[in-house]
Amino acid sequence: MEQLKKLRQAHHISQQKLADEFHISQQSIWKYENDISEPDINMLIQFSNYFNVSVDYLIGNSEVPTKADLIAEKQLSPDETTLIKSFRSLSTKMQALTLGLLNEITNNPSDT
């Protein structure tokens, strides 16, 4: 499960911390990441929910991490896709501020 390792590293989470989150051993995470053993379907679902990715992405059947990314890739312009990805990378506080600004702009278009 190469994607599990990539996701874990991208989120700066150690094998031990991830193992603790799911009440399993660090050795289990190591085995999953090195294709020595495979998690059961319930664990796959838990991992996919934790990292907000599809199970298909997690097991390597898709290069698109989430359903929302798939929709964005197929239906949105490149600028719209960039905006969504940028928004998702913001902290919760910055997302709220950004939404407030957008609401202000769209409700008062003559001020811009």
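In sequence order, the range 50-61 has phi-based couplings of 4, 8, 6, 10, 7, 4, 4, 5, 4, 8, x, 8 Hz under the Karplus curve 6.51 cos²θ - 1.76 cosθ + 1.60, θ = phi - 60°, and Gly or Pro positions carry x.
Residues whose amide H falls under 5 Å from that of VAL53, counting only those 5 or more places apart or on a different chain, are absent, with hydrogens built in the peptide plane.
Would you please classify the overall shape of the range 1-62 from the alpha carbon gyration tensor, given that a ≥ b ≥ c denote the square roots of the eigenvalues, rounded means a/c under 1.5, and beyond that prolate means a/b larger than b/c while oblate covers the rest?
The shape class here is rounded.
Calculate, for ASN107 and PHE87, the FRET efficiency according to 1/(1 + (r/R0)^6) with r their C-beta to C-beta distance and R0 25 Å; round to the nearest 0.05. After rounding, the FRET efficiency stands at 0.85.
Quick note: the coordinates plus some simple rules give every number you see, no bench work behind them. Here the structure is a predicted model, which is why all the values come from computation and not from measurement. Note that each Cβ is placed from the backbone with ideal geometry, even for glycine, and that neighbours are counted across all protein chains shown.
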